[in-house]
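**Student:** My structure is below; once you've seen it, I'll send some questions.
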Amino acid sequence: MGSDGRSWNGVTGGARGDGEEKTRTVAAPAPALAEVPTSTASVDISLPLPEMTPRIIDLCKELVKEWSSLDSSCFSISTVSGGITNMLLKVSVKEGSDSESSVTVRLYGPNTDLVIDRERELQAIPYLSAAGFGARLLGVFENGVVSSFIHARTLSPSDMKEPRIAAEIAKQLQKFHQVDIPGSKEPQLWNDVFKFLKKASVLKFEDNEKQKRYEMISFREIQDEVKELKDLSDLLHAPVVFAHNDLLSGNLMLNDLEEKLYFIDFEYGSYSYRGFDIANHFNEYAGFECDYNLYPDKDVQYHFFRNYLSDRPSEVQEQDLDALYTETNTFRLASHLYWALWALIQARVSPIDFDYLGYFFLRYGEYKKQREFCFSLAQGFLSSLRSG
């Protein structure tokens, strides 16, 4: 849900040949964040674009060395997207009569520090970029970043289901999961969920109707559900990887001419569980209409898993597919809880005209709808391991 809001290049490695899962981290050399140009300046995101423009031009001239001496008349700025947690702008300069160069300026939305760890994001970006993911970080300012511009189109939710594209997403996700980000490797999923729960449970709304809807929520029930799901998922011993955690269509770009796929926007990236990252992606098949009937069936999931687990998909063993299916569909529930609680916080602090409370009830309702199937799947799998 995160960064877009409802708006083939990688490193070597991964599973090989015999269908058994093999993992290794890719310790990509990366520039230290201290080497990236920084500015203490900020941009008022509430301003109309024409009023922001002079400030953005000054920032680009300060942070992009090659542009420092250019006249402001050389610059043009357009909006790429305005998502829930950021605004994305394309800044271009004319270089001669024919050539043009561009960068991306991402402006953080107000109060997004309540749900996004910007320090964690900025630490990861240089390492992910060095490993071939996302845009190159060019500069950091008080409430945003400047990055290289990616010449590609944003995928639609229906694109993600196309078998060729789904296979490529799976292959790239497996490589993404191998990137080594310095620091603690402790999974952050449940820490983040409990942090969201704590914040979400003490909100007050000025709007009486919103307050009445909010008071219908049982946070004791949600806390019990989170604890029970965590206990169950812990028994699966899912691999811990550096996860994107927000792999919706808006964070996937494709250059059709070069057949090159890009992952972008690592705002929610953290060490987490492999199955959560995959399940979260599958939940995004629901698209802009949030139709969770579009969640991929078992055959579609197995196509994705085969390409994730091995460079020779046809050789992946059935037991490996079954194990990843169970892992993914257990964490499917965690994805619904995560974004449900996220939505409650946004309902209180976001200036965007969106029914976040309604989105909470939608995601939590989907959690309850899928709970019995997912719990039974995990419990049956664990039982078969004990008896087998």
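The values are calculated or read from the model by the stated rules, or taken from the named source; none is laboratory data. A quick note: this is a predicted structure, and the numbers were derived from the prediction, not measured. Virtual Cβ from ideal backbone geometry, glycine too; neighbours counted across all protein chains shown. We work out accessible area using only protein heavy atoms, side chains counted, and drop any ligands, DNA or RNA first. Shrake-Rupley method; radii C 1.70, N 1.55, O 1.52, S 1.80 Å.
**Student:** For Ile45, which sequence-distant residues (separation of 5 or more, or a different chain) have an amide H within less than 5 Å of its own amide H, given hydrogens modelled in the peptide plane?
**Tutor:** Under 5 Å from the amide H of Ile45: no residue qualifies.
**Student:** Taking N as the number of residues in the range 104-195, what is its Cα Rg relative to 2.2 N^0.38 Å? Could the numbers behind the result be given before it?
**Tutor:** On the way: Rg = 15.4 Å, N = 92, 2.2 N^0.38 = 12.3 Å.
So the range 104-195 has a normalised radius of gyration of 1.25.
**Student:** Return one whole number: the accessible area per residue of the range 153-387 in Å², for a 1.4 Å probe. Before the final figure, lay out the partial values.
**Tutor:** Working: 9930 Å² over 235 residues.
Dividing the accessible area of the range 153-387 by its residue count gives 42 Å².
**Student:** Give the distance, in whole Å, between the Cα centre of the range 149-179 and the Cα centre of the range 312-366.
**Tutor:** What the calculation gives is 18 Å, centre to centre.
**Student:** In Å, what Kirkwood hydrodynamic radius results for the range 49-148 from the alpha-carbon pair distances?
**Tutor:** 14.4
**Student:** Here's another thing I want to ask about it. Using a probe of 1.4 angstrom, how much of the accessible area of the range 49-148 is carbon and sulfur, in percent?
**Tutor:** Percent of accessible area from carbon and sulfur atoms in the range 49-148: 46.
**Student:** Above 13 Å lies some portion of the pair distances; for the range 292-336, what is it as a whole percent of all C-alpha pairs?
**Tutor:** Percentage above 13 Å: 56.
**Student:** Take the alpha carbon gyration tensor of the range 174-278, find the square roots of its eigenvalues, order them as a ≥ b ≥ c, and report rounded if a/c is under 1.5; if not, report prolate when a/b exceeds b/c, else oblate.
**Tutor:** Oblate is the answer for the range 174-278, as a/c is 1.5 or above yet b/c matches or exceeds a/b.
**Student:** Something else about it: Can you list the aspartates and glutamates whose alpha carbon is less than 19 Å from that of Lys61, not counting same-chain residues fewer than 8 positions off?
**Tutor:** Filter leaves Glu35, Asp44, Glu51, Asp71, Glu95, Glu100, Glu142.
**Student:** I've got another one for you. Can you tell me the length gained on complete extension of the stretch Ser201 to Asp234, counting 0.36 nm per residue apart and subtracting the Cα distance?
**Tutor:** 9.4 nm
**Student:** Send over the semi-axes of the range 223-301's equivalent ellipsoid, whole angstrom and largest first, taken as the square roots of 5 times the C-alpha gyration tensor eigenvalues.
**Tutor:** They are 26, 17, 12 Å, listed largest first.
**Student:** Of all accessible surface on the range 296-388 at a 1.4 Å probe, what whole percent is carbon and sulfur?
**Tutor:** Carbon and sulfur: 48 percent of the exposed surface of the range 296-388.
**Student:** Computed FRET efficiency, Cβ-Cβ of Ser92 and Glu315, R0 56 Å: what is it to the nearest 0.05?
**Tutor:** The pair Ser92/Glu315 has a calculated efficiency of 0.75.
**Student:** Let me ask another. Provide the per-residue ³J(HN,Hα) series for the range 242-257, in order, calculated from phi with Karplus coefficients 6.51, -1.76, 1.60 and θ = phi - 60°, each as a whole number of Hz, with x at glycine and proline positions.
**Tutor:** 7, 10, 6, 6, 7, 8, 8, 4, x, 9, 10, 10, 9, 8, 5, 5
**Student:** Work out how much length Asp353 to Glu221 would gain on full extension: take 0.36 nm times their residue separation and subtract the Cα-Cα distance, in nm to one decimal.
**Tutor:** Extra length available between Asp353 and Glu221 comes to 44.7 nm.
**Student:** As an exercise, use a Förster radius of 45 Å and the Cβ-Cβ distance of Asn255 and Asn191 to find the FRET efficiency, rounded to the nearest 0.05.
**Tutor:** Once the sixth-power term is evaluated, E becomes 0.80.
**Student:** Could I ask something else about it? Give me the percent of accessible area attributable to carbon and sulfur for the range 205-244, probe 1.4 angstrom.
**Tutor:** About 45 percent, which is the carbon plus sulfur part of the accessible surface.
**Student:** Hey, another quick one. What residues have an amide H closer than 5 Å to that of Val80, excluding those fewer than 5 places away on the same chain, when H is modeled at 1.01 Å from N in the peptide plane?
**Tutor:** For Val80, the qualifying residues are Leu88, Leu89, Lys90.
**Student:** If DNA, RNA and ligands are ignored and the probe is 1.4 Å, what is the ranking of Met253, Met160, Met87, Met216 by accessible area, most exposed first?
**Tutor:** These residues rank, largest area first, as Met216, Met87, Met253, Met160.
**Student:** Oh, and also: Taking only protein heavy atoms and a 1.4 Å probe, what accessible area per residue, in Å², does the range 49-148 have with all protein chains in place?
**Tutor:** Numbers: 4340 Å² over 100 residues.
Value returned for the range 49-148: 43 Å² of accessible area per residue.
**Student:** Also: Considering only Cα-Cα distances, which of the following residue pairs are longer than 31 Å: Lys260/Lys369; Lys175/Lys195; Lys212/Lys298?
**Tutor:** Cα-Cα > 31 Å for Lys260/Lys369; Lys212/Lys298; rest within.
**Student:** Separate question: So what's the convex hull volume per residue for the Cα atoms of the range 153-387, in Å³?
**Tutor:** Taking only Cα atoms, the range 153-387 has a hull volume of 137 Å³ per residue.
**Student:** Given a cut-off of under 8 Å on Cα pairs at least six residues apart, what relative contact order in percent is computed for the range 31-140?
**Tutor:** Relative contact order comes out at 28 percent.
**Student:** Quick one: which residues, 5+ away or cross-chain, put their amide H under 5 Å from the amide H of Gly144? H built at 1.01 Å from N.
**Tutor:** Answer set, sorted by chain and number: Tyr108.
**Student:** If a/c stays under 1.5 just call it rounded; otherwise compare a/b with b/c (prolate if a/b is bigger, oblate if not). Do that for the range 169-226, with a ≥ b ≥ c from the square roots of the Cα gyration tensor eigenvalues.
**Tutor:** prolate
**Student:** Say R0 is 25 Å: what FRET efficiency, to the nearest 0.05, do Arg164 and Arg136 get from their beta-carbon distance?
**Tutor:** Efficiency for this residue pair is about 0.40.
**Student:** Go through the range 90-163 and name the chymotrypsin sites (Phe, Trp or Tyr not before Pro) that are in a DSSP coil and have 10 or fewer other Cβ atoms within 10 Å of their Cβ.
**Tutor:** Answer in residue order: no site qualifies.
**Student:** Using the Karplus curve 6.51 cos²θ - 1.76 cosθ + 1.60 with θ = phi - 60°, work out ³J(HN,Hα) for each residue of the range 352-359 in order, rounded to whole Hz, and write x for Gly and Pro.
**Tutor:** The phi angles translate into 6, 7, 8, 7, 5, 4, x, 5 Hz.
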